[in-house]
Protein chains: 4
Amino acid sequence: MEPRPRARELGIPLGRFRPGRWNAITDVEGVKVGHSTVIRGSGPLRPGKGPVRTGVTCILPGSRNVFAERVVGGGFVLNGAGEVSGMTQLLEWGLVETPIFLTNTLSVGAVGDAAVKWMVEQNPGIGLEHDVIIPLVGECDDSWLNDVAGRHVREQHVYEAIQTASDGPVAEGSVGGGTGMITCDFKAGIGTSSRKLPESMGGYTVGVLVMSNFGLMRQLRVGGLPLGEILEARYAGLPRRERSYGSIIAVLATDAPLATHQLDRLAKRAALGIGRVGSSAMHGSGEILVAFSTANRVPRESRKMVYRMKILLDARLDPLYEAVIEATEEAILNSLCAARDMDGVNGNLCRALPVEEVRELVARWQAAARSPPPAGPPRKE
Amino acid sequence: MEPRPRARELGIPLGRFRPGRWNAITDVEGVKVGHSTVIRGSGPLRPGKGPVRTGVTCILPGSRNVFAERVVGGGFVLNGAGEVSGMTQLLEWGLVETPIFLTNTLSVGAVGDAAVKWMVEQNPGIGLEHDVIIPLVGECDDSWLNDVAGRHVREQHVYEAIQTASDGPVAEGSVGGGTGMITCDFKAGIGTSSRKLPESMGGYTVGVLVMSNFGLMRQLRVGGLPLGEILEARYAGLPRRERSYGSIIAVLATDAPLATHQLDRLAKRAALGIGRVGSSAMHGSGEILVAFSTANRVPRESRKMVYRMKILLDARLDPLYEAVIEATEEAILNSLCAARDMDGVNGNLCRALPVEEVRELVARWQAAARSPPPAGPPRKE
Amino acid sequence: MEPRPRARELGIPLGRFRPGRWNAITDVEGVKVGHSTVIRGSGPLRPGKGPVRTGVTCILPGSRNVFAERVVGGGFVLNGAGEVSGMTQLLEWGLVETPIFLTNTLSVGAVGDAAVKWMVEQNPGIGLEHDVIIPLVGECDDSWLNDVAGRHVREQHVYEAIQTASDGPVAEGSVGGGTGMITCDFKAGIGTSSRKLPESMGGYTVGVLVMSNFGLMRQLRVGGLPLGEILEARYAGLPRRERSYGSIIAVLATDAPLATHQLDRLAKRAALGIGRVGSSAMHGSGEILVAFSTANRVPRESRKMVYRMKILLDARLDPLYEAVIEATEEAILNSLCAARDMDGVNGNLCRALPVEEVRELVARWQAAARSPPPAGPPRKE
Amino acid sequence: MEPRPRARELGIPLGRFRPGRWNAITDVEGVKVGHSTVIRGSGPLRPGKGPVRTGVTCILPGSRNVFAERVVGGGFVLNGAGEVSGMTQLLEWGLVETPIFLTNTLSVGAVGDAAVKWMVEQNPGIGLEHDVIIPLVGECDDSWLNDVAGRHVREQHVYEAIQTASDGPVAEGSVGGGTGMITCDFKAGIGTSSRKLPESMGGYTVGVLVMSNFGLMRQLRVGGLPLGEILEARYAGLPRRERSYGSIIAVLATDAPLATHQLDRLAKRAALGIGRVGSSAMHGSGEILVAFSTANRVPRESRKMVYRMKILLDARLDPLYEAVIEATEEAILNSLCAARDMDGVNGNLCRALPVEEVRELVARWQAAARSPPPAGPPRKE
């Protein structure tokens, strides 16, 4: 199969900052991503049997033993029609102390159960000399393609996602937790992107990984351009899911030294990035954002009273805000660009984004925008 | 065994409003409670084997098919060092659409997984013509007595808790999710209480059920009286857990017609009730409150645009606020009164509250308070 | 002077729903808007003297006596680097019980003081048989053009804004509280827009009024199109304010029967509308949203226990969400389109949006988008 | 006049930690408090004339120029039926950059206006090279004694409160903003208390100052003891206000190095302290808490990217939580102990707390509690 392009290869205007090496969340040093993809069967739904189009994605936030050396975290709920288990503790303590998992809605329990098992194996003191933990497990609903009620993600998939986690390039589209996900009526799933600030702005990297599953075709905006309306006219006849059961979970990583309330604020900006792609955060759609910074490690055990933390001055936050909006927008578009046509439950067929048409429409806009101003020098109105 | 007294049988002053028939959350019509208690083994911890002192409690919020006929819900997080899965959606939508489960921290995943299985069996349209669901599963850490990392609560226990749920009296103390729980260094667990407002205040019932697992002995206040300091002096030698891994989950039910933001506010008052028993909402303690009203049912499917909802006028809220504080305080004390001595992991022994001493101290206070004022009529200062 | 066009007269794609009669917040029946504009002096800043470029805008939410007959309200804080006094009570009670005022940052106190005086004159029972009130007063910082520290908005301006409030068309641009405000480095201020849903979606009207004062030129998106980058290149030489002291206050009105938690959610979607115009909700920018529904009146005094409230079913919310995003986007663009060049403190000159260039760029996009697809029928990728 | 005792002089059990030197918020180094008390006239209400029983209190948070050298702040809203202007920005930025003022509800605007004037005089760059500011002004409703609608707190009172602010002992009771305030139907107002942790717990000081105006007599708990019920029986005939328009604003200061999310959490514990005195956070009562730490100064202007902040390890928070609960409880009781009988509008007479009866009842409890256990050694149940 010919490789699918990533969003920026289509010429889409994607902001002022440059991506990191992989244009992925793994550009934040130490962050690793692994997927377990579960695809089985086709044709009519046989509850509990399939067809299966699902999986689980695991993000290791900066070190394999995030239990012992926790990272500072935060988050934001744009629309809470969804779940990230462990979110309450994340928002209270401002710490991430487990890997972050992404899966389908009805597998949150099974993934959490397996995550606990793995954590206890890695850290036998859990529940003994150490506190218990609450794993971070986010979800979207993949039921248009997947036998979601069959709860097909099990322990071995969670272990596979953890054990295959690596740095470097990240597989996108219909992989891991994103296997059965859909965005603006096109096939989507996992997408990622990053930005590296210029040294004058601190040189920090911010990376975003999304499991994207929201929106209607007519809402899609690509680099701002309202392409959805055009595609809607062209693809009116495509089958599509009818309930607004979308959602998106976004995970933000940065090496900028942010405090927890700064990470909460950063996560809010990712919500603006989701909005730019066209989301109206529909009633039934869960837009939940999890953020962490690898710059400060918070030890689980310490004899000290006080520690010294590097904190970015608030006055330096604005470039990070812009970077996270850009990277979120691009991560969602990458999830759309990477995914191919997929059929699933009852023969439901979800089409891939027609990337060549997107490329052409963007090119037309670029040509139009590059033309000289209509009437010479700027006029005084 | 001689039955343990409930808190009000000790003469403790527990407020101005009268309890309902059972002095339990089941006094709210339609609410049912079931427990599955898992007790196995004793002696040294053998990870994955036991000793096991845990379980799961299930609250059916007003009807067995809360999926189809949802009830209005809300909640509050006093300290978020804990988890109620599904909380994000509860706070967003203001609806309860699954039973509410209480278990140990590391079994949240397994209980959620089983809850999904049960919900799908009951409602085969989940994930097909109906939306998916996110079960409400709250937790506390019972690791001083229980092999928590063994994740001993499994599917059959969840089913048992659901299937044995009933109205009428509710078992308290070391049962269900409360089996291994401890409060102010005494054995506690599940407790419940209710209040029925006078007809002039609407005649509404409010019920509270807690899984109580917080605090230190010296903090304990009983009907306000700082008995903890006295008991601390007497029981200084008792073994006790050393980390502040407590927590408390409280579930509030009422038949008062409250909107979701009113339920959020009601839940906040339950937090004040927790505080009255001595909680300082310690860093590692998760105080999470879930509330629902059975007065308005919200259909999952409707062809209507608008529905008419009865709403209590805000000016009538204050008696409910007081009632929920009283019932929360009493529910916690009931969990302490009902529980007996229990040993667990590594022979750890948690003592029951010395109820006769409490009775005596309360009686002394009542006698002192009943004495005539020191100097005849109130003096002008 | 030739009249300035409104945004939709420029051909900008502004969504799927149609505006109401005036394309203004006053399309929601009963809502009235009044302005008091204070412009005095020019040249160097003489603190306390001028130049003055400021004012106050007043929104009457559905009836002149909103104190006695309150409306249901809600809100959201996207970035809290700003102030709407009374916001805490609005979010707690879910009620609007005073007019809503918009002014400059350092005049919030004076406007609140005058608002209290006016409220007491209208309702002499305040502080006697009735509760006291906390007026809703929002602000942005107009200090690049205005002697903000001079606190030039005084009692008579507040009274003028109230007394001139009317239904029908609303003056936009450099009027009232928006007199000295700037958006994406162009002159802006007050803008408004509305949407009327089709009858099949309930036929509800939603109106938005903004005091818009945020962003940088390069961030500006117009109907999604990233025109800011193009304008930035052309207008690089323009003087502009250097600190990110922007902000935007948006007031949403609707006749849809929404409960307070639904209005909170609606307000969140207005934040997405702000994001679509290019906002990154910069650190120093206060994005605060106030929402109310005129459909249910909540009496201050009642002998009843319960009232019956019409509530829109959650499943019907999505069109309102889209409508409010569209109307927010258009209200901001209207504030930009209406405002003309303005000079102020120390000769600072803020240029108007070059509307003819916007018109031309939008037309080019429309032409490009209307062209037939590049390769005939949609291709299978 | 004979001096009134402070709460601990009555023998009330007030916790395990010791107060600082002054048992006042001023025990936190650098914190200063000033009052302006406005008392004029008596007899029938003549609107706008009096009787006047009000004032304003000013807390300088650590240095006179908190604008240039800001302190880390946070807060919590227990019940939002009240106002602290500037709260939105405080919760967003986590910084206190103005003094904190406490006054009556209808004077918030006037106090804010005067505070801005004073801030601009002290810092002429405001609105020029510096950002504008939003002063922190909290309120309670004193209308049972005061002509609140007359808005009698004006500019000179604000200046007086600032200019008389000092360290050392703090006047309590019917002074400053607390002049006309009432708690549990007894005269109250301003109260303060502090705790100093042992060196082994960091040696930090936490101070609380309240403007206390909440609750009903029967709700009052003193050191936990439910004295309100006893006093209610004795003082049933006293005139009292009939609407539940109470409120309490609490200001917490500490020299412990806390981050903003830690201060938010600390403020939540002060809410538990309010609850211990008997508050049910009634519908119409505004319980708002503002917290700040003097340990880290955040410069307004800096050329740096990152700063190094000392942060208390979360595991060390619990003693501070307990200390703040204790100090809040004591501060409220101090406001009650210090205030004397006061008459006001229309001859309304609010009685002082009968401190000798409180002393006697507490002594009886202490005697009862000190008696030996009822049955010799602790019995095994």
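The values are calculated or read from the model by the stated rules, or taken from the named source; none is laboratory data. This is a predicted model, so every value here is computed, not measured. Here the Cβ is made from the backbone with ideal geometry for all residues, glycine too, and neighbour counts use every protein chain on show.
Things to note:
- Checked against (1) among the small types (Gly, Ala, Ser); (2) in contact with a Ser or Thr (Cβ under 7 Å, 6 or more places away or on another chain); (3) crowded, with 24+ Cβ neighbours inside 10 Å, B:GLY284 meets all criteria but (3).
- Filter result for B:LEU209 (over 14 Å from B:ALA331 (Cβ atoms), modelled with pLDDT of 95 or more, hydrophobic (A, V, I, L, M, F, W, C) and not in a helix (DSSP H, G or I)): no
- Which listed residue, of D:SER247, D:SER280, D:SER302, is polar (S, T, N, Q) and more than 21 Å from the chain's Cα centre (by Cα): D:SER302
- Some residue of segment C:254-274 being under 16 Å from the mean Cα position of the chain (by Cα), buried (at least 24 other Cβ atoms within 10 Å of the Cβ) and more than 30 Å from B:LEU95 (Cβ to Cβ): no
- C:VAL158 vs. criteria β-branched (Val, Ile, Thr), under 20 Å from the mean Cα position of the chain (by Cα) and either within 14 Å of chain D (Cβ to nearest Cβ) or within 25 Å of C:ASN79 (Cα to Cα) (or both): yes
- Residues that are hydroxyl-bearing (Ser, Thr, Tyr) and closer than 24 Å to D:ARG221 by Cβ were ranked within segment B:257-294; the one that is nearest to the other protein chains (Cβ to nearest Cβ) is B:SER280.
- Scanning segment C:27-50 finds one or more residues that are assigned to a helix (DSSP H, G or I), in contact with a Pro (Cβ under 9 Å, 6 or more places away or on another chain) and at pLDDT 95 or above.
- Against the list (1) more than 30 Å from B:GLY228 (Cβ to Cβ); (2) facing chain B (nearest Cβ under 10 Å), the condition D:ASP343 fails is (2).
- Candidates in segment C:277-304 are the residues that are in contact with a strand residue (DSSP E or B) (Cβ under 7 Å, 6 or more places away or on another chain) and among the hydrophobic types (A, V, I, L, M, F, W, C); of these, the one that is nearest to A:GLU322 (Cα to Cα) is C:ALA281.
Yes/no per residue for (1) farther than 19 Å from C:THR260 by Cβ; (2) of a type in the set (A, V, I, L, M):
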{"position": "B:THR54", "(1), (2)": "yes, no"}
{"position": "B:PRO61", "(1), (2)": "yes, no"}
{"position": "B:VAL66", "(1), (2)": "yes, yes"}
{"position": "B:GLU69", "(1), (2)": "yes, no"}
{"position": "B:GLY73", "(1), (2)": "no, no"}
{"position": "B:GLY86", "(1), (2)": "yes, no"}
{"position": "B:LEU91", "(1), (2)": "no, yes"}
{"position": "B:VAL96", "(1), (2)": "no, yes"}
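- Just one of the listed residues (B:ALA327, B:ALA295, B:ALA331) is assigned to a strand (DSSP E or B) and at pLDDT 95 or above, and it is B:ALA295.
- Looking across segment C:93-139, the residues that are of a type in the set (Asp, Glu), closer than 23 Å to C:VAL251 by Cα and more than 7 Å from every other protein chain (Cβ to nearest Cβ) come down to C:GLU97, C:GLU139.
- Counted residues, segment A:295-328 - those being farther than 27 Å from C:GLU242 by Cβ and either within 14 Å of chain C (Cβ to nearest Cβ) or crowded, with 24+ Cβ neighbours inside 10 Å (or both): 1
- Residues that are under 19 Å from the mean Cα position of the chain (by Cα) and of a type in the set (A, V, I, L, M) within segment A:96-120 comprise A:VAL96, A:ILE100, A:LEU102, A:LEU106, A:VAL108, A:VAL111, listed in sequence order.
- The requirement of being surrounded by fewer than 24 Cβ atoms within 10 Å (Cβ to Cβ), under 30 Å from C:VAL52 (Cβ atoms) and among the hydrophobic types (A, V, I, L, M, F, W, C) is satisfied by C:MET342.
- Filter result (in a strand (DSSP E or B) and within 26 Å of A:ARG269 (Cβ to Cβ)) within segment C:86-103: C:LEU102
- Selected residue (criterion: nearest to the chain's Cα centre (by Cα)) from residues of segment C:1-12 that are surrounded by fewer than 18 Cβ atoms within 10 Å (Cβ to Cβ) and part of a loop (DSSP other than H, G, I, E, B): C:PRO5
- In this entry, A:SER279 passes the filter for residues that are under 23 Å from A:ARG8 (Cα atoms), of a type in the set (Ser, Thr, Tyr), at pLDDT 95 or above and assigned to a loop (DSSP other than H, G, I, E, B).
- Pick from segment B:346-362, criterion away from chain D (no Cβ under 12 Å) and not small (Gly, Ala, Ser), ranking: farthest from B:VAL148 (Cα to Cα): B:CYS350
- Test: residue in segment A:67-77 that is in contact with a Pro (Cβ under 7 Å, 6 or more places away or on another chain), at negative phi and of a type in the set (D, E, K, R): yes
- Residue in segment B:176-185 that is surrounded by fewer than 24 Cβ atoms within 10 Å (Cβ to Cβ) and not in a helix (DSSP H, G or I) present: no
This table checks each residue for (1) polar (S, T, N, Q); (2) more than 11 Å from chain B (Cβ to nearest Cβ).
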| site | (1), (2) |
| --- | --- |
| D:MET211 | no, yes |
| D:PHE214 | no, yes |
| D:GLY228 | no, no |
| D:LEU231 | no, no |
| D:PRO239 | no, yes |
| D:SER247 | yes, yes |
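- Criterion (crowded, with 23+ Cβ neighbours inside 10 Å, of a type outside the set (Lys, Arg) and either more than 14 Å from chain A (Cβ to nearest Cβ) or in contact with a Ser or Thr (Cβ under 8 Å, 6 or more places away or on another chain) (or both)) met by exactly one of B:GLY43, B:GLY75, B:GLY55: B:GLY55
- Matching residues, segment C:224-261, being in a loop (DSSP other than H, G, I, E, B) and of a type in the set (Asp, Glu): C:GLU242, C:ASP255
- Qualifying positions in segment C:187-204 - more than 12 Å from the chain's Cα centre (by Cα), buried (at least 24 other Cβ atoms within 10 Å of the Cβ) and assigned to a strand (DSSP E or B): C:LYS187, C:ARG195
- Residue-level check: of (1) under 24 Å from D:ALA81 (Cα atoms); (2) more than 14 Å from chain C (Cβ to nearest Cβ), D:GLU172 misses just (1).
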